[in-house]
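The values are calculated or read from the model by the stated rules, or taken from the named source; none is laboratory data. Nothing here was measured: the structure is a model prediction, and the numbers come from that model. As a convention, Cβ positions derive from the backbone with ideal geometry for all residues, glycine included, and neighbour counts pool all protein chains shown.
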Amino acid sequence: MQQERTHTHEEQDDGRLEEREDVEETRCPECGGTLESDDVHGETVCADCGLVVDEDAVDRGPEWRAFDSAERDQKSRVGAPTTKLMHDKGLSSVIGWQDKDARGNSLNGSQRQKMQRLRTWDERFRTKDHQDRNLKQALSEIERMGSALGLGESVRETASVIYRRALDEDLLPGRSIEAVASAALYAAARQAGTPRSIDEVVHVSRIDEMEFTRTYRYVVRELNLPVEPADPESYVGRFVSELDLPNDVERRARELLRNGQAKNVHVGKSPVGLAAAAVYAAGVLHDEGVTQSDVGEVANVSDVTIRNRYQELLAADTSAATA
């Protein structure tokens, strides 16, 4: 009994000592005032007398700043960032295919069979309903076509958002997955200012032009997408780069297009054809030796279209220079 009382007194003394130390840590050693932490300067300062009790404090937080939740999720390194390019936004787990354990040793036959069964069930759980399977197939198509067209990740992600909206608003019944995915990618490219022609999109897709144009108009109308008419100048840079022409040709082609727009030459004309004709005309004016066939092959337009638009642009440029 005496020993129990002794232990109780010792525990009480230890508790009082800890409380006293906590109070001392929050009080100024000079005046007994309240201590405050200055996170900007990494210091602990007395609010009453201004004594700096501690300095060079270690910042346990991240070295980056974020101003909203989306930016915080993107910069955080505790896991992979979410992405709209995957049907599950990249949040699900993936079982590796190497058939090796944590030490790098190969698995035996029974273990390999077990891991294969686990991969099968994991894949089934990742696509648990028809909407997930639909979205997975569509996003893979957007990724494939975007890569073939040379479109950046931001454009492909915008296309995936457009497709998700179409899926949520039940626009897919009666239309193929490839058609809606192609329309979403074409609209996203135009919104980003890096448009591709209809012929280029149809060429990398698995649908014909009539189905694509019909689906594209339907998706834009139902989702009320803010898609402006394509600017012919947005095609010039790519055409000049693929033809390996100098920067002077690109500047002259843009000047021809601006003069043509001032004379309303672009009204009712294909922007791709106008851009190809402007590049050809600028190449001729700078003696680059470019032919109509070369430009037509890059822009996927006929020589006749280039020839007609070329003459109209030169006429508008001559009248603008005369004025």
Can you find even one residue in the range 184-192 that is surrounded by fewer than 21 Cβ atoms within 10 Å (Cβ to Cβ) and either out of contact with any helix residue (DSSP H, G or I) (no Cβ under 9 Å at 6 or more places or on another chain) or of a type in the set (Asp, Glu) (or both)? no
Residue hits (the range 197-215; at pLDDT 90 or above and either surrounded by 22 or more Cβ atoms within 10 Å (Cβ to Cβ) or of a type in the set (A, V, I, L, M, F, W, C) (or both)) are VAL201, VAL202, VAL204, SER205, ILE207, MET210, PHE212, THR215
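Okay, residues lined up against (1) part of a loop (DSSP other than H, G, I, E, B); (2) under 30 Å from ARG144 (Cβ atoms); (3) modelled with pLDDT of 75 or more:
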| position | (1), (2), (3) |
| --- | --- |
| GLU63 | yes, no, no |
| ARG77 | yes, yes, no |
| MET86 | yes, yes, yes |
| VAL94 | yes, yes, no |
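Could you tell me whether LEU139 is of a type in the set (A, V, I, L, M, F, W, C), surrounded by 13 or more Cβ atoms within 10 Å (Cβ to Cβ), more than 16 Å from the chain's Cα centre (by Cα) and part of a helix (DSSP H, G or I)? Walk me through how you get there before you give the answer.
Working: of a type in the set (A, V, I, L, M, F, W, C): yes; surrounded by 13 or more Cβ atoms within 10 Å (Cβ to Cβ): yes; more than 16 Å from the chain's Cα centre (by Cα): no; part of a helix (DSSP H, G or I): yes.
No, not satisfied.
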Which one is modelled with the lowest pLDDT among residues in the range 96-119 that are farther than 30 Å from LEU139 by Cα, assigned to a loop (DSSP other than H, G, I, E, B) and in contact with a helix residue (DSSP H, G or I) (Cβ under 9 Å, 6 or more places away or on another chain)? ASP101
Can ASP287 be described as among the charged types (D, E, K, R), at pLDDT below 90, on the phi > 0 side of the Ramachandran plot and not assigned by TED's automatic domain parsing to the domain that holds ARG190? yes
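Here's the yes/no breakdown for (1) touching a Cys at 6+ places or on another chain (Cβ under 6 Å); (2) closer than 23 Å to THR82 by Cβ; (3) surrounded by 15 or more Cβ atoms within 10 Å (Cβ to Cβ):
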| position | (1), (2), (3) |
| --- | --- |
| ARG103 | no, no, no |
| SER106 | no, no, no |
| ARG126 | no, yes, yes |
| GLN131 | no, yes, no |
| ASN134 | no, yes, yes |
| GLY146 | no, yes, yes |
| GLY152 | no, yes, no |
| ALA159 | no, yes, yes |
Under 9 Å between Cβ atoms, which residue pairs at least 6 apart in sequence (or on different chains) link something in the range 70-85 that is acidic (Asp, Glu) with a partner that is modelled with pLDDT of 70 or more and surrounded by 13 or more Cβ atoms within 10 Å (Cβ to Cβ)? ASP73/ALA66; ASP73/THR82
